[in-house]
Amino acid sequence: MRTPFLAGNWKMYKTPTDTQAFFDAFLPLVAGATGRDAAICPPYIDLHVAIAAAAGSKVGIGAQNLAAGKEGAMTGEISGYMLKAIGCRYVIIGHSERRQYFGENEAGVLSKARAALEYGLAPIVCVGELLAERESGSTEAVLAAQFDGGIAPLAPEQFAKIVIAYEPVWAIGTGKVATPEQAADVHAFIRGRVAAKFGDAQAAATRILYGGSVKPDNVEGLMAKPDIDGALVGGASLDPNAFAAIVNF
Ligand code: PGA
């Protein structure tokens, strides 16, 4: 009942010209993909080009961040209202790089998720533990705190619209992918948390993506796990052939 979702996170890569070239190459490669959702989340400056290029395709476009609120004196910020106005469908919230380099915490994740939902964007909310946390055996405690602080306070009808991405920080951009078993264990833990808070039916409907060094050659093993509903892909999403292979898994 959960449609697989393959989303690309371009981070701080690609100009508008690069973006057009990506879509020119990528869209024909995924034109035949059925039974799955695909999205690309480029930098803000590329959104217009990406949205125009992807119009009429099944590829949705998302942003990588947003500011809470509609508009205001907030130099350098972009709101969900603005993202929706240009045709974004998704927004990544709470990526570990934003937590690490920009001080985002659970309260910020929650307010950004609420702001995204208010303007009709589907949040992709990221959670995940650091290597030291995994090694000290606190993975579940970290995920529980992230879920309880940043996600669980959403109203049930809001929660129904979000996607969760489990991204172990030690696997992001390192080439060190979690094994399908490691990922599946955490996904099952998160799904249990969802069930406890929002009920079994919602837990069965919520998509939980895995992120961290997903590549064409490891996506099959991950997607074979029943609790893994898709992938949030960084590096491999920059290449149209690699990301098409992931979408077409
Ligand atoms: P990666 O990034 O695929 O390059 O590891 C994943 C992410 O940060 O979303």
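The values are calculated or read from the model by the stated rules, or taken from the named source; none is laboratory data. Treat the numbers as computed from the prediction; the structure is a model and nothing was measured. Note that each Cβ is placed from the backbone with ideal geometry, even for glycine, and that neighbours are counted across all protein chains shown.
Which ones in region 94-116 are more than 12 Å from the ligand (Cβ to nearest atom) and surrounded by 21 or more Cβ atoms within 10 Å (Cβ to Cβ)? Listed by number, the residues that qualify are Val109, Lys112, Ala113, Ala115, Ala116. For region 210-235, a residue qualifies if it is near the ligand (Cβ under 9 Å from one of its atoms) and either buried (at least 23 other Cβ atoms within 10 Å of the Cβ) or without any contact (Cβ under 8 Å) to a residue 40 or more places away in the chain (or both), and the qualifying residues are Gly211, Gly212, Val214, Lys215, Ala231, Leu232, Val233. Tallying residues that are at pLDDT 95 or above and within 14 Å of the ligand (Cβ to nearest atom) within region 178-207 yields 1.
Taking region 116-130 as the search range and keeping residues that are more than 17 Å from Tyr81 (Cα to Cα) and free of Cβ contacts under 8 Å to residues at least 60 places away in the same chain, which one is farthest from the chain's Cα centre (by Cα)? Only one residue tops the list, namely Leu130. In region 53-85, the residue that is nearest to the chain's Cα centre (by Cα) out of those that are under 21 Å from Tyr13 (Cα atoms) and loosely packed, with under 15 Cβ neighbours inside 10 Å is Glu77. Being polar (S, T, N, Q) and touching a strand residue (DSSP E or B) at 6+ places or on another chain (Cβ under 8 Å) is the filter; apply it to region 199-245 and report the residue that is farthest from Ile124 (Cα to Cα). Ranking the qualifying residues of region 199-245, first place goes to Ser237. Gly120: more than 13 Å from the ligand (Cβ to nearest atom) and loosely packed, with under 14 Cβ neighbours inside 10 Å, yes or no? Considered against the rule, which asks whether it is more than 13 Å from the ligand (Cβ to nearest atom) and loosely packed, with under 14 Cβ neighbours inside 10 Å, Gly120 comes out as yes. On the basis of being of a type outside the set (D, E, K, R) and away from the ligand (no atom under 15 Å from the Cβ), does Gln158 make the cut? Yes. Check region 143-155 and report whether any residue there is within 25 Å of Gly60 (Cα to Cα), in contact with a strand residue (DSSP E or B) (Cβ under 8 Å, 6 or more places away or on another chain) and crowded, with 19+ Cβ neighbours inside 10 Å. Within region 143-155, one or more residues are within 25 Å of Gly60 (Cα to Cα), in contact with a strand residue (DSSP E or B) (Cβ under 8 Å, 6 or more places away or on another chain) and crowded, with 19+ Cβ neighbours inside 10 Å. Taking the numbered list (1) modelled with pLDDT of 95 or more; (2) touching a helix residue (DSSP H, G or I) at 6+ places or on another chain (Cβ under 8 Å); (3) of a type in the set (D, E, K, R) in turn, Asp217 passes all entries but (2). Does region 8-24 contain any residue that is of a type in the set (S, T, N, Q), within 16 Å of the ligand (Cβ to nearest atom) and closer than 19 Å to Val247 by Cα? So far as region 8-24 goes, yes, one or more of its residues are of a type in the set (S, T, N, Q), within 16 Å of the ligand (Cβ to nearest atom) and closer than 19 Å to Val247 by Cα. Close contacts from region 2-13, counting a first residue that is closer than 17 Å to Phe249 by Cβ and outside any loop (DSSP other than H, G, I, E, B) and a second that is more than 12 Å from the ligand (Cβ to nearest atom) and charged (D, E, K, R), with Cβ to Cβ under 8 Å and a gap of 6+ residues or different chains, come to Phe5/Arg36; Phe5/Asp37; Phe5/Arg207; Phe5/Asp229; Leu6/Arg36; Leu6/Asp37. In region 195-208, the residues that are under 11 Å from Ile164 (Cα atoms) reach residues that are basic (Lys, Arg) and assigned to a loop (DSSP other than H, G, I, E, B) with C-beta atoms within less than 6 angstrom, at least six apart or across chains, in these pairs: Arg207/Arg2. Take the conditions modelled with pLDDT of 95 or more and within 16 Å of the ligand (Cβ to nearest atom) and apply them to Ile40. Does it pass? For Ile40, the condition - modelled with pLDDT of 95 or more and within 16 Å of the ligand (Cβ to nearest atom) - is met. Gln64 fails exactly one of the following numbered conditions: (1) out of contact with any His (no Cβ under 8 Å at 6 or more places or on another chain); (2) within 30 Å of Thr174 (Cα to Cα). What is the number of that condition? Every condition holds for Gln64 apart from (1).
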